[in-house]
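Worksheet: the structure to be examined is printed underneath.
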Amino acid sequence: MKGRVTVRLKPDVLDVEGKAVSGALARLGFDDAHGVRVGKVFEVELGDVDPAVARERLEAMARKLLANPVMETFSVEVE
Amino acid sequence: MRFAVVSFPGSNCDDDCVRVATEVLGETAWKVRHDERDLRRPDVVLLPGGFSYGDYLRCGAIASLSPVMEAVAAFARAGGPVLGICNGFQVLTESHLLPGALLRNAGLKFICEDAHVRVDGRPTPFTAGVQGVLRLPIAHNEGRYHADADTLARLEGEGRVVFRYCGPDGTVSDAFNPNGASANIAGICNEGGNVVGMMPHPERNAEPLLGNGQGRALFDAALRLVGGAR
């Protein structure tokens, strides 16, 4: 079972890295790319477990370490 | 007085902290490794600056889970004075010993310069009797203090913002905010006032040779308070 945790900055947190990427894209001619936000993806191998259990484990990992709830939100997928 | 200075892999201001405690103040200090669980009965714990665990994941996140932090948290819960400087401040927020988080500087640049900070808020072991404006070095990439509106209101209402970026005359404004920190916050304390985190480096300006020596005031405050009680 493979899982993926995606961590994003909360919408109200200024993403200076995203702003810099927007600016760089515009310089390449992608001036239609507004509001780029940079996040993180964690791919996790979980072995042979039930998808519901895997989801629960990934959510616990995100809450305890992978995301900081002060500034970030997360979502979890299993495949 | 006895200072314990915590060393994480990647800490680089631990020797500076030990030097201030021993050479400048003439007190006792030792380093405690990240994987130790015994602080060896200090009066004060210092969490130094640096790049613990290469700033992987988030600054201070991995360090917050090291064995020594259980001892630091217990020391803090018992009312022991803890000062986190720069990366030490980041470790304290990641450990939930202080609220909020430190994000990438608004200008996207690593800032290494002197900043003026105004001593504000309630007295703490490191600011009691310290007044006015101090000029202290800052050296960070993730120093933009962030907390939600409720937390900020609580910090302000309880006098827990203890350092604020300002001009040389103490003016607090955007023009003197080096990193985009909310409300020009450079340092805060916990509810009990005994845990303080700050981005500027008092230990790098604790003797006139390294600037004007104004950083020493924080360590002298701790000496007056803790040393005086012994």
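Per residue, what volume in Å³ does the Cα convex hull of chain A take up?
On the way: hull volume 8.0 nm³, N = 79.
Spelled out: Cα convex hull of chain A, divided by residues, is 101 Å³.
Just want the ordering: A:Val13, B:Val68, from fewest to most Cβ atoms lying within 10 Å of their own Cβ.
On the way: A:Val13 18, B:Val68 22.
Lowest count first: A:Val13, B:Val68.
So if each residue of separation counts as 0.36 nm, and I subtract the Cα-Cα distance between B:Ala175 and B:Leu108, what length gain in nm does that give? Write out the running numbers ahead of the final one.
Working: separation 67, 0.36 × 67 = 24.12 nm, distance 1.65 nm.
22.5 nm is the gain from fully extending B:Ala175 to B:Leu108.
When a footprinting reagent is the concern and you count Cβ atoms within 10 Å, what order do A:Ser75, B:Ser182, B:Ser64 take, fewest first?
Details: A:Ser75 14, B:Ser182 18, B:Ser64 22.
Fewest-to-most Cβ neighbours within 10 Å comes out as A:Ser75, B:Ser182, B:Ser64.
Pick from B:Pro208, B:Pro168, B:Pro123 the residue whose mean-square fluctuation is largest in a GNM of chain B, springs joining Cα atoms under 10 Å.
Of B:Pro208, B:Pro168, B:Pro123, the most mobile in the Gaussian network model is B:Pro208.
For B:Lys31, which aspartates and glutamates qualify as cross-link partners when the Cα separation must be under 13 Å and same-chain residues fewer than eight apart are set aside?
Within reach: B:Asp14, B:Asp15, B:Asp16.
With each pseudo-label sitting 7 Å past Cα toward Cβ, what's the A:Ser75-A:Ala60 distance in nm, one decimal?
The answer from the label model is 2.4 nm.
Find, among the trypsin sites (Lys or Arg not before Pro) in segment B:61-141, those assigned to loop by DSSP (not H, G, I, E, B) with at most 16 other beta-carbon atoms within 10 angstrom. Mind dumping the intermediate values first?
Details: sites: B:Arg77, B:Arg104, B:Lys109, B:Arg118, B:Arg135; in loops: B:Arg104, B:Lys109.
Here the sparse-neighbourhood loop sites are B:Lys109.
Taking the Cα centre as origin and putting +1 on Lys and Arg beta-carbons and -1 on Asp and Glu beta-carbons, what dipole magnitude results for chain B, to the nearest 20 debye? Before the final figure, lay out each step's value.
Details: 22 positive and 26 negative charges, 55 e Å.
Result for chain B is approximately 260 debye, rounded to the nearest 20.
Mind checking the dipole of the protein assembly as shown: about its Cα centre, +1 per Lys or Arg Cβ, -1 per Asp or Glu Cβ, Debye to the nearest 20? Each step should come with its number before you reach the end.
Details: 34 positive and 40 negative charges, 103 e Å.
That gives the protein assembly as shown a dipole magnitude of about 500 debye.
Quick one: grab the alpha carbon gyration tensor of the protein assembly as shown, order the square roots of its eigenvalues as a ≥ b ≥ c, and give me rounded if a/c is under 1.5, else prolate or oblate depending on whether a/b is larger than b/c. Walk me through the numbers on the way to the answer.
Working: a/c = 2.09, a/b = 1.39, b/c = 1.50.
It is oblate, given that a/c is not under 1.5 and a/b is not larger than b/c.
Mind checking which lysines have their C-alpha under 26 Å from A:Lys2, skipping anything on the same chain fewer than 8 residues away?
A:Lys10, A:Lys40, A:Lys64
For chain B, what does the helix formula give at 222 nm: sum of -39500 (n - 2.57) over DSSP H segments with n ≥ 4, over the residue count, nearest 500 deg cm²/dmol? Please report the intermediate quantities before stating the final value.
Details: 5 runs with 41 residues, N = 230.
-5000 deg cm²/dmol, from helical runs alone.
Once fully extended, how much extra length lies between B:Ala74 and B:Leu209, figured as 0.36 nm per residue of separation less the alpha-carbon to alpha-carbon distance? Mind showing how you got there, number by number?
Numbers: separation 135, 0.36 × 135 = 48.60 nm, distance 3.64 nm.
Full extension from B:Ala74 to B:Leu209 adds 45.0 nm.
Pick out, in residue order, every one of the trypsin sites (Lys or Arg not before Pro) in segment B:35-74 that is DSSP loop and has at most 16 other C-beta atoms within 10 Å; say none if there are none. Walk me through the numbers on the way to the answer.
Numbers: sites: B:Arg37, B:Arg40, B:Arg58; in loops: B:Arg37, B:Arg40, B:Arg58.
Passing sites in segment B:35-74 are B:Arg37, B:Arg40.
In terms of modelled amide H atoms, which long-range or inter-chain residues lie less than 5 Å from the amide H of B:Val32?
Long-range HN contacts for B:Val32: B:Val5, B:Val6, B:Ser7.
What list of ³J(HN,Hα) couplings, whole Hz, do you get for segment A:8-17 from phi and the Karplus terms 6.51, -1.76, 1.60, once you set θ to phi - 60° and write x for glycine and proline?
Karplus-based 3J(HN,Hα) across segment A:8-17 equals 10, 5, 4, x, 8, 8, 4, 9, 5, 5 Hz.
For a label point 7 angstrom out from the Cα of A:Asp50 toward its Cβ, which stretches of segment A:1-39 have the backbone nitrogen within less than 18 Å?
Taking a point 7 Å out along Cα→Cβ of A:Asp50, the residues of segment A:1-39 whose backbone N falls under 18 Å are A:1-3.
What translational diffusion coefficient, to the nearest whole µm²/s, does segment B:54-166 have by Stokes-Einstein, given a Kirkwood radius computed over alpha-carbon pairs, a temperature of 37 °C and 0.692 mPa s viscosity?
On the way: Rh = 15.2 Å.
D = 216 µm²/s.
Out of segment B:1-36, which GluC sites (Glu not before Pro) are coil in DSSP terms and have no more than 16 other C-beta atoms within 10 Å? Could the numbers behind the result be given before it?
Working: sites: B:Glu23, B:Glu27, B:Glu36; in loops: B:Glu27, B:Glu36.
Taking segment B:1-36 and a limit of 16 other Cβ atoms within 10 Å, the loop GluC sites (Glu not before Pro) found are B:Glu36.
Taking a ≥ b ≥ c as the square roots of the eigenvalues of the Cα gyration tensor of segment B:2-229, is the shape rounded (a/c under 1.5), prolate (a/b larger than b/c) or oblate?
It is rounded, given that a/c, with a ≥ b ≥ c, falls under 1.5.
To the nearest whole number, what is the average tally of beta carbon atoms from other chains within 10 Å of the beta carbons of peptide A:58-69?
Values: counts 0, 0, 0, 0, 0, 0, 1, 7, 3, 2, 8, 2.
Rounded to a whole number, the mean comes out at 2.
Could you compute the FRET efficiency for B:Arg135 and A:Glu17, with r as their C-beta to C-beta distance and R0 at 35 Å, rounded to 0.05?
Working: r = 30 Å, r/R0 = 0.86.
Once the sixth-power term is evaluated, E becomes 0.70.
State, to one decimal in nm, how far the label point of B:His96 lies from the label point of B:Asp15, with both points 7 Å from Cα in the Cβ direction.
3.7 nm
Grab the Cα-Cα distance for A:Asp31 and A:Arg4, subtract it from 0.36 nm times how many residues apart they are, and report the gain in nm with one decimal.
6.7 nm
Sort B:Leu155, B:Leu25 so the one with the fewest other Cβ atoms within 10 Å of its own Cβ comes first. All intermediate terms of the calculation are to be shown ahead of the outcome.
Numbers: B:Leu155 24, B:Leu25 19.
Listing B:Leu155, B:Leu25 from fewest to most nearby Cβ atoms yields B:Leu25, B:Leu155.
For chain B, modelled as a GNM with alpha-carbon contacts under 10 angstrom, which of B:Gly143, B:Gly107, B:Gly187 fluctuates the most?
The residue that fluctuates most here is B:Gly107.
Taking chain B as a Gaussian network, where each spring joins two C-alpha atoms under 10 Å apart, which residue of B:Gly121, B:Gly80, B:Gly54 fluctuates the most?
The residue that fluctuates most here is B:Gly54.
All of the numbers you see were taken from the coordinates with simple rules; none came from a lab. Here the structure is a predicted model, which is why all the values come from computation and not from measurement. Every residue, glycine as well, gets a Cβ built from its backbone with ideal geometry; the counts of neighbours run over all protein chains shown.
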